[in-house]
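The values are calculated or read from the model by the stated rules, or taken from the named source; none is laboratory data. This structure is a prediction, so every number in the text was calculated from the model and none was measured. In this analysis, Cβ positions are derived from the backbone assuming ideal geometry, glycine residues included, and neighbour counts consider all displayed protein chains. Areas reflect the complete protein model, heavy atoms only, side chains present, ligands, DNA and RNA absent. Shrake-Rupley method; radii C 1.70, N 1.55, O 1.52, S 1.80 Å.
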Amino acid sequence: MTSGNGVLLSVRNLTKYFPIVKGLMGRVTGYVRAVDAVSFDLYQGECLGLVGESGSGKTTVARSILRAVRPTSGELLFHINGQTVDVAQASSSELKRLRRHMQMIFQDPFGSLNPRMTVFEIIGEPLLVNGLRDRRQRKARVRELLRQVGLNEEYLYRYPHAFSGGQRQRIGIARALALHPKLIVADEPVSALDVSVQAQVLNLLLHLQRQFGLTYLLIAHDLGVIRHVSDRVAVMYAGKLVELATVDEIFTRPAHPYTEALLSAIPKPDPERRTKRIVLKGEAADPSHLPTGCAFHPRCPYAQPLCAEREPLWEEVRPDHFARCHFALNNPAGPPPPRAAETSTDHTKNEHAE
Ligand SMILES: Nc1ncnc2c1ncn2[C@@H]1O[C@H](COP(=O)(O)OP(=O)(O)OP(=O)(O)O)[C@@H](O)[C@H]1O
Ligand code: SF4
Ligand SMILES: [Mg+2]
């Protein structure tokens with residue numbers, strides 16, 4: 001759990017707008033608001049799950065934290081070795097020093113490994129770049145890493161094509177672990193894998209987290225994937241955080257209608273606990289043409305006239321449970337408004353989902 005632990009990373013008002021450029025003159029005609037004033041703390045040793053539909057800005061948050069893209073504004077305060085460094089403003093030499101503490105695991109285990117490099121070269125590369133020139137020592141460390149991720153040490157000189165998707169993802173994890181990082185950002189690490197392999201890779205991540213005290217930002221499309229791995233969950237919609245709470249709170253008392261819809265999409269094997277899926281109207285909001293007020297209002301089953309007029313604030317609806325909604329669900333301060341007439345979902349059931 002998070003309480004009592006220190007903060008490793010404080011994300012404050014992180015914003016990333018991508019300019020939309022048109023014509024030969026390179027005229028900027030607008031902006032894609034990929035990430036808009038996102039704030040959260042990442043505690044040492046926790047796993048924070050970041051979920052949301054495609055295009056909600058999850059990868060842009062991840063890439064900003066690792067400074068693969070430069071944020072438009074905001075702070076990324078990394079607390080390391082008694083010091084605080086703002087990653088958003090770090091110089092290239094500071095970034096080089098910081099990067100060994102922050103590593104990424106990618107979605108696509110096929111595309112993220114260089115097909116012309118052996119396993120030894122792939123996992124050993126960050127060691128070499130960071131000064132471990134002695135080949136024997138490097139080989140010993142790579143063997144150790146292979147053991148830690150559950151791969152045979154004898155695979156050292158094989159190429160990526162010789163491995164299954166799950167094994168390749170293990171190679172990617174071994175590479176990410178090579179420099180003893182503090183923070184691992186895993187961007188959809190299992191979504192390209194067979195369902196049968198997904199649980200194995202998630203269990204490996206959990207095991208490694210406990211063994212090495214790692215801190216994870218774990219990105220996923222759906223809540224089902226992160227349920228058993230995350231301590232807390234942050235939900236994104238159209239570039240903004242719309243809810244943040246412990247995994248138990250999110251699953252038992254979601255406050256935001258969008259979270260409720262995501263929860264309803266998780267298949268539930270037990271017929272007693274099955275609830276009707278909430279099918280949202282329309283497409284996810286386009287971050288270059290956001291609706292007025294609450295960006296979710298054109299799709300929200302609870303939307304009221306106020307929702308199109310005024311953007312909801314980020315509020316603590318219960319202790320350590322934050323949401324951005326004028327009419328938060330499961331809110332002891334007042335019942336949510338009735339659903340709009342045209343929706344066909346059974347809200348009473350969903351309030352007791354899970
Ligand atoms: N380099 C870029 N230039 C312009 N627009 C971008 C760029 N990178 C991302 N975007 C846009 O920013 C928005 C957020 O993209 P992002 O990849 O962060 O979403 P995501 O939540 O990771 O989606 P997915 O689940 O599909 O991976 C999208 O509208 C995307 O098209
Ligand atoms: S503010 Fe209104 S439209 Fe937005 S999520 Fe809440 S009820 Fe729905
Ligand atoms: Mg993404």
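Counting lysine pairs in the chain whose alpha carbons fall under 23 angstrom apart, excluding pairs fewer than 8 residues apart on the same chain, gives 14. Accessible surface of the range 1-146, 1.4 Å probe: 49 percent of it comes from carbon and sulfur atoms.
Probing with 1.4 Å while keeping every protein chain in the model, the per residue accessible area of the range 195-258 equals 34 Å². Of Leu290, Leu50, the order by accessible heavy-atom surface (1.4 Å probe, DNA, RNA and ligands excluded), from most exposed downward, is Leu290, Leu50. Between Gln211 and Val129, what FRET efficiency comes out of the Förster formula 1/(1 + (r/R0)^6) with R0 = 22 Å and r the beta carbon distance, rounded to 0.05? Computed FRET efficiency for Val129 and Gln211 comes out at 0.35.
For the range 106-111, the Karplus equation 6.51 cos²θ - 1.76 cosθ + 1.60, evaluated at θ = phi - 60°, returns couplings of 9, 5, 9, x, 8, x Hz by residue, with Gly and Pro reported as x. When the charge dipole of the chain is built from unit charges on Cβ atoms (+1 for Lys and Arg, -1 for Asp and Glu) and taken about the Cα centre, the candidate among Val87, Pro305, Val233 whose Cα reaches farthest toward its positive end is Val87. Counting only the heavy atoms of the protein chains, how much of Arg70 is accessible to a 1.4 Å probe, in Å² to the nearest 10? Approximately 120 Å² of Arg70 is accessible to the 1.4 Å probe.
Return a whole-number percent for the relative contact order of the chain, with Cα pairs under 8 Å and 6 or more residues apart as the contact set.
The value is 18 percent.
Label sites at Trp314 and Ser191, each approximated as a point 7 angstrom past Cα along Cα to Cβ, lie 2.2 nm apart. Secondary-structure-derived ellipticity at 222 nm for the chain, considering helices only, amounts to -8000 deg cm²/dmol, per-run term -39500 (n - 2.57) for DSSP H runs with n ≥ 4. Pull up all non-local amide H partners of Cys300: gap of 5 or more, or a different chain, and H-to-H distance under 5 Å with H placed in the peptide plane. Close amide H contacts, sequence-distant or interchain: none at all.
One-quarter of the Cα convex hull surface for the chain, in nm²?
If I average the Cα hull's projected area over directions, I get 20.6 nm².
The figure for Lys58 is an accessible area of roughly 10 square angstrom, using a 1.4 Å probe on the protein chains alone. Across the range 208-224, coupling constants 3J(HN,Hα) worked out from phi with the 6.51/-1.76/1.60 Karplus curve, θ = phi - 60°, read 5, 4, 5, 5, 10, x, 6, 10, 10, 10, 10, 9, 8, 6, 10, 5, x Hz, and Gly and Pro carry x. For Leu9, the amide hydrogen comes within under 5 Å of the amide hydrogens of Leu42, His79, counting only partners 5 or more places away or on other chains and with H modelled in the peptide plane. Ranking His161, His79 from most to least accessible surface, computed with a 1.4 Å probe over the protein chains only, gives His161, His79. Accessible surface computed residue by residue for the range 1-148, with neighbouring protein chains in place and a 1.4 Å probe, gives 51 Å² per residue. Taking θ as phi - 60° and the Karplus parameters 6.51, -1.76 and 1.60, the scalar couplings of the range 171-187 work out to 5, x, 5, 4, 5, 5, 7, 3, 9, 6, x, 8, 10, 10, 9, 10, 9 Hz in sequence order, x denoting glycine and proline.
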